[in-house]
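Please read the structure below before turning to the comments.
The values are calculated or read from the model by the stated rules, or taken from the named source; none is laboratory data. For clarity, every value in this text was computed on a predicted model and none was experimentally measured. Glycine also receives a Cβ, built like all others from the backbone with ideal geometry; neighbour counts cover every protein chain displayed. Please note that ligands, DNA and RNA were not included when accessible areas were found on the heavy atoms of the full protein model with its side chains. Shrake-Rupley method; radii C 1.70, N 1.55, O 1.52, S 1.80 Å.
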Amino acid sequence: MQLPNREACYAIFRAKDPRFDGRLFVGVASTGVYCRPVCRARLPREENCTYFATAAQAEQAGYRPCLVCRPELAPGQAPLDAASALARRAARYLEEHCGDGLGLEEAARQLGCTSRHLRRSFWAEYQVTPVAYLQTCRLLLAKGLLTDTALPVVEVALAAGFGSQRRLEALFQSRYGLTPAALRRQAAAGSACPGRFTVALGYRPPYRWEELLGFLEARAIAGVERVADGRYWRAVRLAGRAGRQAAGWLSVGHRPDRCQLEVTLSESLAPALPQVLARVRRLFDLDCDPQAVGAVLEGMDRVRPGLYQPGRRVPGSFDPFETAVRAVLGQQITVKAASTLAGRLAAALGDPLETGVEGLTHTFPTPAALAALEDPPARLGPLGVTSARARCIAALARAVEQGSLQLGPCADPAQAQAALLAIKGVGNWTAQYLAMRTLGEPDAFLETDVGVRRALPGFTPRQLRELAEAWRPWRSYAVINLWNAQ
């Protein structure tokens with residue numbers, strides 16, 4: 001990733017430009033810390049500044065994170081910001097699984113390449129090794145937990161993937177020059193609420209929170225998720241450290257004054273915290289660069305005034321399999337009807353979960369549970385699911401369970417879409433929709449979608465495809481703008 005020249009970097013830092021948050025980090029020689037470009041601390045002299053594309057590069061150079069702007073809160077980078085798709089997929093995988101104690105060989109296997117090729121591609125993109133990047137992910141996650149929560153230090157160490165408190169303390173001392181306890185005292189933070197803790201995730205403004213929340217509310221699965229009091233809530237069950245289950249609840253709210261989302265979780269989710277936070281980032285599309293999107297999609301207004309609105313995000317997916325099943329259920333029926341069917345399916349085959357939160361009673365069925373159905377039409381028919389869709393859902397579950405279909409941001413989009421289309425009952429609309437929501441594909445387009453055609457009446461699907469060529473590589477964002485232009 002190429003940075004602007006030194007003069008431009010310093011101008012960005014001086015202007016506190018949020019467009020470059022997460023894309024530029026500034027090492028300050030006089031203090032030994034590195035900052036985000038939005039840092040509100042006193043501006044250092046230009047000759048004391050060194051510029052980096054990632055936090056890992058800054059830490060590799062010997063800088064420690066600023067306690068004022070907190071680099072761990074910076075938004076990430078959208079997939080098309082990177083020259084190498086493999087390196088970006090690897091970075092997302094390392095961020096999500098930094099607490100699992102994984103090694104490089106396991107990461108390479110999951111990404112479908114050799115560890116040597118992964119190291120070479122990663123270095124070319126980030127100028128740090130995957131191992132160094134992974135260590136920075138763990139350190140910054142631990143720093144955020146020490147600052148924002150009252151979790152015991154040993155729990156922080158385990159959640160961040162260090163294996164022991166001693167290992168965390170040793171790395172903090174060597175990299176940051178202070179102990180975890182000293183950092184916590186300096187931050188003077190930490191939630192005192194028993195049984196829960198709160199962390200923050202940053203984004204680049206503008207951000208149309210209410211619009212995105214409305215999209216999720218319309219598609220909420222009863223018992224699994226809900227929207228209430230301006231917040232998103234959901235029940236969660238994930239595999240934590242060493243394969244142990246972590247189950248609980250989370251709630252996401254908006255802090256527009258800080259350009260952050262506020263994520264509150266039950267303490268029971270601490271063992272799977274990196275996974276939870278990575279999934280929240282994807283669900284709310286926090287790594288989007290709205291300036292880059294707007295530079296292309298402003299042209300939509302030439303087709304019809306008001307089509308494009310800055311700050312619209314592509315709703316992602318917390319559970320890709322759940323989203324895929326719901327997409328199949330929603331074929332050729334209304335959004336409300338699909339939500340009703342998904343709620344029935346979750347209530348009948350999901351796992352009960354005691355959350356203590358109103359409206360969150362169980363988690364969505366796993367691929368294993370749906371793949372094990374002996375007669376899908378007979379089992380799902382009483383719920384209102386047609387025979388064809390019941391067989392399609394079972395085939396989808398088997399593909400995920402057997403590994404022939406991988407969903408999520410670490411999957412290869414072309415391979416995943418090909419695997420989806422090989423399932424009887426999954427057509428191009430469903431494959432493109434799932435690419436947009438579960439694979440993090442920013443350039444999917446749904447030319448046959450009812451909402452898209454309603455926003456642009458008079459165009460045939462072929463004409464819509466041709467029109468959308470001008471909106472590459474952000475056609476997924478174009479779809480969201482068209483859906484909201486009704």
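Of the helices (runs of 4 or more DSSP H) contained entirely in the range 137-222, those carrying at least 2 residues that are among the charged types (D, E, K, R), open to solvent by 40 Å² or more (accessible area, probe 1.4 Å) and at pLDDT below 90 fall at 180-187.
For the range 97-112, state whether one or more residues are more than 21 Å from Ala160 (Cα to Cα) and either in contact with a Phe, Trp or Tyr (Cβ under 7 Å, 6 or more places away or on another chain) or open to solvent by less than 60 Å² (accessible area, probe 1.4 Å) (or both).
Checked against the condition, which is being more than 21 Å from Ala160 (Cα to Cα) and either in contact with a Phe, Trp or Tyr (Cβ under 7 Å, 6 or more places away or on another chain) or open to solvent by less than 60 Å² (accessible area, probe 1.4 Å) (or both), the range 97-112 yields at least one hit.
Just one of (1) of a type outside the set (Lys, Arg); (2) surrounded by fewer than 22 Cβ atoms within 10 Å (Cβ to Cβ); (3) modelled with pLDDT of 95 or more; (4) more than 21 Å from Gln331 (Cα to Cα) fails for Asp443. It is (3). As a summary of the residue check, Leu383 satisfies the conditions (1) open to solvent by 40 Å² or more (accessible area, probe 1.4 Å); (2) within 22 Å of Ala346 (Cα to Cα) except for the one numbered (1). Here is the figure for the range 7-31: residues that are outside any helix (DSSP H, G or I) and without any contact (Cβ under 8 Å) to a residue 40 or more places away in the chain total 9. Contact map, the range 159-176: residues that are within 19 Å of Val276 (Cβ to Cβ) paired with residues that are small (Gly, Ala, Ser) and open to solvent by 50 Å² or more (accessible area, probe 1.4 Å), Cβ distance under 7 Å, separation 6+ or inter-chain. Pairs shown: Gly161/Gly101. Here Gln245, Gln260 are screened, and the one residue that is farther than 30 Å from Leu456 by Cα, among the polar types (S, T, N, Q) and under 19 Å from the mean Cα position of the chain (by Cα) is Gln260. Number of residues in the range 223-249 that are under 30 Å from Pro71 (Cβ atoms), open to solvent by 20 Å² or more (accessible area, probe 1.4 Å) and of a type in the set (A, V, I, L, M) equals 2. Residues in the range 39-54 that are free of Cβ contacts under 8 Å to residues at least 60 places away in the same chain and under 25 Å from the mean Cα position of the chain (by Cα) were compared, and the one that is least open to solvent (accessible area, probe 1.4 Å) is Cys39.
Taken together, Leu456, Leu467, Leu439, Leu482 contain a single residue that is over 24 Å from Ala218 (Cβ atoms) and either free of Cβ contacts under 8 Å to residues at least 60 places away in the same chain or among the hydrophobic types (A, V, I, L, M, F, W, C) (or both), which is Leu467.
Return yes or no: is Leu405 crowded, with 21+ Cβ neighbours inside 10 Å, free of Cβ contacts under 8 Å to residues at least 24 places away in the same chain and under 13 Å from Pro320 (Cα atoms)?
Working: crowded, with 21+ Cβ neighbours inside 10 Å: yes; free of Cβ contacts under 8 Å to residues at least 24 places away in the same chain: yes; under 13 Å from Pro320 (Cα atoms): yes.
Yes: the conditions hold for Leu405.
Based on what the data block shows, is Thr129 of a type in the set (Ser, Thr, Tyr) and open to solvent by 30 Å² or more (accessible area, probe 1.4 Å)?
Details: of a type in the set (Ser, Thr, Tyr): yes; open to solvent by 30 Å² or more (accessible area, probe 1.4 Å): yes.
It is true that Thr129 is of a type in the set (Ser, Thr, Tyr) and open to solvent by 30 Å² or more (accessible area, probe 1.4 Å).
Assess whether Thr448 counts as being among the hydroxyl-bearing types (Ser, Thr, Tyr), in contact with a helix residue (DSSP H, G or I) (Cβ under 6 Å, 6 or more places away or on another chain) and surrounded by fewer than 21 Cβ atoms within 10 Å (Cβ to Cβ). Can you show your working first?
Numbers: among the hydroxyl-bearing types (Ser, Thr, Tyr): yes; in contact with a helix residue (DSSP H, G or I) (Cβ under 6 Å, 6 or more places away or on another chain): yes; surrounded by fewer than 21 Cβ atoms within 10 Å (Cβ to Cβ): yes.
Yes.
Of the residues Pro310, Pro315, Pro305, only one is within 27 Å of Arg389 (Cα to Cα), of a type outside the set (S, T, N, Q) and outside any helix (DSSP H, G or I); which?
Details: Pro310 fails: within 27 Å of Arg389 (Cα to Cα); Pro305 fails: within 27 Å of Arg389 (Cα to Cα).
Only one candidate qualifies: Pro315.
Among the residues of the range 1-38, those that are over 26 Å from the mean Cα position of the chain (by Cα), more than 25 Å from Tyr207 (Cα to Cα) and open to solvent by less than 30 Å² (accessible area, probe 1.4 Å) comprise Tyr10, Gly27, Val28, Gly32, Val33.
Quick one: in the range 304-342, of everything that is polar (S, T, N, Q) and farther than 26 Å from Leu250 by Cα, which residue is most open to solvent (accessible area, probe 1.4 Å)?
Start the filter on the range 304-342 by keeping residues that are polar (S, T, N, Q), which leaves 309, 317, 323, 331-332, 334, 339-340.
Then drop every residue that is not farther than 26 Å from Leu250 by Cα, which leaves 309, 331-332, 334.
Details: Gln309: 61, Gln331: 34, Gln332: 180, Thr334: 88 Å².
Among them, the one singled out is Gln332.
One residue stands out in the range 435-471 among those that are assigned to a helix (DSSP H, G or I) and touching a Gly at 6+ places or on another chain (Cβ under 7 Å): the one that is nearest to Pro320 (Cα to Cα), namely Arg437.
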